[in-house]
1. Within region 140-186, how many residues are within 30 Å of R74 (Cα to Cα) and not in a loop (DSSP other than H, G, I, E, B)?
2. With the requirement that a residue be open to solvent by 30 Å² or more (accessible area, probe 1.4 Å) and either farther than 18 Å from L28 by Cβ or among the hydrophobic types (A, V, I, L, M, F, W, C) (or both), what does region 49-62 give you?
3. Only residues that are closer than 26 Å to R184 by Cα and touching a Ser or Thr at 6+ places or on another chain (Cβ under 9 Å): list them for region 38-55, please.
4. Look at region 194-218 and say how many of its residues are in a helix (DSSP H, G or I) and open to solvent by less than 60 Å² (accessible area, probe 1.4 Å).
5. Working only within region 81-90, note down all residues that are surrounded by fewer than 18 Cβ atoms within 10 Å (Cβ to Cβ) and either assigned to a helix (DSSP H, G or I) or at pLDDT 70 or above (or both).
6. Report yes if M19 is at pLDDT 55 or above, over 30 Å from V212 (Cα atoms) and open to solvent by 10 Å² or more (accessible area, probe 1.4 Å), otherwise no.
7. Restricting to region 26-48, and then to whatever is hydrophobic (A, V, I, L, M, F, W, C) and in a strand (DSSP E or B), can you tell me which residue is surrounded by the fewest Cβ atoms within 10 Å (Cβ to Cβ)?
8. Which of the residues spanning region 49-77 are of a type in the set (K, R) and either free of Cβ contacts under 8 Å to residues at least 24 places away in the same chain or in a helix (DSSP H, G or I) (or both)?
Amino acid sequence: MTPEKSQSTINVNLGQILMMVAGTYPSLLDATLEQVQNALDAKATVIGIRINLKKRGLDIVDNGQGVTRIKFERCLTQIGKTVKSRDKMGRWGRGMISYLGKCDKFTFTSCYYRKTPDQTGFLEWSFSTADIEGMSDAGAIPLRDRSEIKYHASRTNPKRHKPGAEFFVPWRTRIKAWGIVKDRTITRMTAQDLAEQILDKFGPVMRKLDTVVHIDFI
């Protein structure tokens, strides 16, 4: 694999293990709380959560430090090895795949923080629950270069945006899911439940980082 290629894959062993590990987060609420934890670990000061159960969609963004390709791949390939450990990397990796089995597919898009005004280098991995479930000994997680995405904390895009043209976003990491399962046991959640648990679990860290969480719940 070379950085110059816009299309690549990550080889992941034991798809059954990935599904099993994702199952340790039994509900949509558990998976979402884990993404908030990951964002705070990345020093995010703004986290946005949009959940539309009617349209079965989810979108979580944060302005934390983002993830390098090397760290992402290392976390993904070491999930099976670290499943019984408590190390931070293993925990981060497990949370990263927590939406498996709770939706048809989701994407993980991220750009690692660089101390330069021009933030580039966005990469996007695509996870399909059906494909992961079908893995026997190994699988491949599709990866594509999203060089048209540029990070900027405050710059806005024009009202008319041409497909394929560069555009600016105020986040460095995004998880977007489609086809959230209809099982009410898995999806049982309200905006108040989510807000209360975020404050209960992460209030001290949020105050330390001065982090704001925006919730849009339908």
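The values are calculated or read from the model by the stated rules, or taken from the named source; none is laboratory data. Please read all numbers here as calculations on a predicted model, not as lab measurements. Note that each Cβ is placed from the backbone with ideal geometry, even for glycine, and that neighbours are counted across all protein chains shown. Areas reflect the complete protein model, heavy atoms only, side chains present, ligands, DNA and RNA absent. Shrake-Rupley method; radii C 1.70, N 1.55, O 1.52, S 1.80 Å.
1. 19
2. L53, V61
3. Matches in region 38-55: N38, I47, I49, I51, L53.
4. 7
5. K81, K88, M89
6. Taking the combined requirement at face value, the residue satisfies it.
7. By that ranking, first place goes to V46.
8. R69, K71, R74
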